[in-house]
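Before any comments, here is the structure.
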Amino acid sequence: MAYKEIFWMACDSTEQLRAEYGPFHTRAEAEVEARKLGFGYLLRYEHILGANEEIEEVRCIFIELPGAVSEMLESAQVTLHTRCATCGESAAHDTGWQAEVWADIHEFEHSRHRVRLFEHARGKGLKEICDWRG
């Protein structure tokens, strides 16, 4: 006779490289910890145990916490990335003025080079900011 063992984990994403915290015996415990940690997902592990209490099958079920993922995306920190379109040199910046100073110095030291600016937010990817110096 097969027996099902269930435990819960709090996790930050559904990707293979994710942070998991737990295990917890109940969904409620996992959900409280996930919200404390700012995680947007729960992971339910089901182990199907055989006659000798050996694991025969493992099932993983992701559950998105209501409202948590959209809050995470809205509050995601935005970083700015500059990259020279000519030589490929790049840098990351926390503020717009840092990006502009880096671009000014690079273009001054390397005549005819052009620096592009990108905005990166977790979950949204890289987006070029056109005419950022125009």
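Would region 2-17 turn up any residue that is of a type in the set (S, T, N, Q) and more than 20 Å from the chain's Cα centre (by Cα)? No - not one qualifying residue is present in region 2-17. Among the residues of region 1-22, the ones that are in contact with a helix residue (DSSP H, G or I) (Cβ under 9 Å, 6 or more places away or on another chain), part of a loop (DSSP other than H, G, I, E, B) and of a type in the set (A, V, I, L, M) come to 1 in all.
For (1) at pLDDT below 90; (2) within 28 Å of D94 (Cβ to Cβ); (3) surrounded by 12 or more Cβ atoms within 10 Å (Cβ to Cβ), each residue gets a yes or a no:
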residue: H25; (1), (2), (3): no, no, no
residue: L37; (1), (2), (3): yes, yes, yes
residue: Y45; (1), (2), (3): no, no, yes
residue: V58; (1), (2), (3): no, no, no
residue: E64; (1), (2), (3): no, no, yes
residue: E71; (1), (2), (3): yes, yes, yes
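Scanning region 1-19 for residues that are without any contact (Cβ under 8 Å) to a residue 40 or more places away in the chain and exposed (fewer than 15 other Cβ atoms within 10 Å of the Cβ) yields E15, Q16, L17, R18, A19. Number of residues in region 94-111 that are of a type in the set (D, E), under 20 Å from D131 (Cβ atoms) and touching a strand residue (DSSP E or B) at 6+ places or on another chain (Cβ under 7 Å): the value is 1.
Of everything listed in (1) closer than 24 Å to L126 by Cα; (2) out of contact with any Lys or Arg (no Cβ under 7 Å at 6 or more places or on another chain), the single unmet condition for E109 is (1). Residue-level check: of (1) over 18 Å from I129 (Cβ atoms); (2) modelled with pLDDT of 90 or more; (3) under 22 Å from the mean Cα position of the chain (by Cα), A91 misses just (1).
The values are calculated or read from the model by the stated rules, or taken from the named source; none is laboratory data. The shown structure was predicted, so the numbers you read here are calculated from the model rather than taken from an experiment. Don't worry about glycine lacking a Cβ; one is built from the backbone with ideal geometry, like all the others, and counts go over all protein chains shown.
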